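The values are calculated or read from the model by the stated rules, or taken from the named source; none is laboratory data. What you see is a predicted model; the values in this text were computed from it and never measured. Glycine gets a Cβ as well: all are built from the backbone with ideal geometry, and neighbour counts include every protein chain shown. Heads up: the accessible areas ignore ligands, DNA and RNA and are worked out on the full protein's heavy atoms, side chains in. Shrake-Rupley method; radii C 1.70, N 1.55, O 1.52, S 1.80 Å.
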Amino acid sequence: MVTTLKILMIALFSLFSILSYGQLKPTDEQVDRSGASKLVFAETLSQAINLANADIIEGIRFLLLKSGISPVVLARDEKFQQDYKIFYYESGCAGPNEKIAIEYNRVMFKHLTQAYGKKWLKNVRKDVLGLKRYN
């Protein structure tokens, strides 16, 4: 009886952990397939728009951040990502052209506004590329 209860508790805990974690972070495969990871090869603003729209359709959405050598993670990032079904993406020092990244984000900003109104703007990180111009 005790062994069965232990197994059940471990199984439920494991399942809950997997489901909860999976909602907060895309898989490596999803990131690799995303437009956000392909932006470094984009040469035009229209390519950035197409990549962003494809990510919206696929349901793997990103907001691009300008970052340095090590990523910056804020305590409130997970809640924002969970609430708005979008992930922050830091490409490090070798990211895409800034104008291309801003155009990708602009498409995501429009998507967030259409889906959630302006509420998301209160909670989004202020270092998202292009946010100051959008706001």
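Here is how the numbers come out for the structure above:
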quantity: Close pairs from the stretch 103-121: first part of a helix (DSSP H, G or I), partner among the β-branched types (Val, Ile, Thr) and open to solvent by 40 Å² or more (accessible area, probe 1.4 Å), Cβ under 6 Å, at least 6 apart; calculated: VAL107/ILE49
quantity: Neighbours by Cβ (under 7 Å, 6+ apart or cross-chain): first from the stretch 78-94, touching a residue at least 60 places away in the same chain (Cβ under 8 Å); second in a helix (DSSP H, G or I); calculated: PHE87/GLN81
quantity: Any chance LEU74 is crowded, with 16+ Cβ neighbours inside 10 Å and out of contact with any helix residue (DSSP H, G or I) (no Cβ under 8 Å at 6 or more places or on another chain); calculated: no
